[in-house]
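Here's the structure, in structure tokens; my notes come after.
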Amino acid sequence: VKALVTENPLLLQESLPLFSAIKAVHVKDAVSGALSSMESEFESLESRLQQSGDVSYSAVIEELEKLEAPVEYSWGVVNHLMGVKNSDELRAAHGEVQGEVVKTTTKLSQSEAVFKALEALEKDGSLEPAQQRIVQSSLSS
């Protein structure tokens with residue numbers, strides 16, 4: 001993985017994006033890889049939620065944030081570049097993975113297991129006000 005990270009700046013997600021090093025050829029591998037990882041991690045999360053019944057804030061919201069972060073980062077960088085450094089190659093790369101991004105993120109947003117866990121969290125009563133607003137926002141989006 002380390003060799004891939006040094007070859008693909010979209011995979012370097014510990015600091016600010018290396019915009020000048022990111023090329024259209026990096027988009028498909030980075031975004032598709034992040035989506036694949038997110039899907040598999042999400043399936044594990046759904047199973048845990050269905051089997052364990054653990055509906056704590058950290059088990060639901062924080063886990064969702066962790067698994068979505070790599071996709072949000074790489075896709076956000078690509079979309080930013082579409083606005084400031086657009087090219088035929090970048091548009092083609094963006095278009096090639098956009099359907100996959102929409103399909104995967106839609107699948108996550110329609111998860112029955114996550115919805116039920118969020119409903120249980122909302123009714124919990126032990127959340128701090130900020131956490132309650134985050135849960136309510138997640139339910140309505």
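The values are calculated or read from the model by the stated rules, or taken from the named source; none is laboratory data. Small disclaimer: the values here were computed from a predicted structure and weren't measured. Surface areas here come from the heavy atoms of the whole protein model, side chains and all, with no ligands, DNA or RNA. Shrake-Rupley method; radii C 1.70, N 1.55, O 1.52, S 1.80 Å.
Per residue, the accessible area of the chain comes to 60 Å², computed with a 1.4 Å probe over protein heavy atoms only.
In terms of its Cα atoms, the chain spans 50, 27, 27 Å along the principal axes, sorted from long to short.
Take the residue pairs K28/K85; K23/K85; K28/K116; K28/K103; K66/K107; K23/K66 and return only those whose Cα atoms are more than 22 Å apart.
Values: K28/K85 17 Å; K23/K85 10 Å; K28/K116 33 Å; K28/K103 15 Å; K66/K107 17 Å; K23/K66 26 Å.
Too far apart for the 22 Å limit: K28/K116; K23/K66.
Each part reduced to its alpha carbon centroid, segment 14-49 and segment 71-139 end up 12 Å apart.
Two decimals is fine: what's Rg over Rh for segment 84-141, C-alpha atoms, Kirkwood radius as Rh?
Numbers: Rg = 17.4 Å, Rh = 13.9 Å.
Here Rg/Rh amounts to 1.25.
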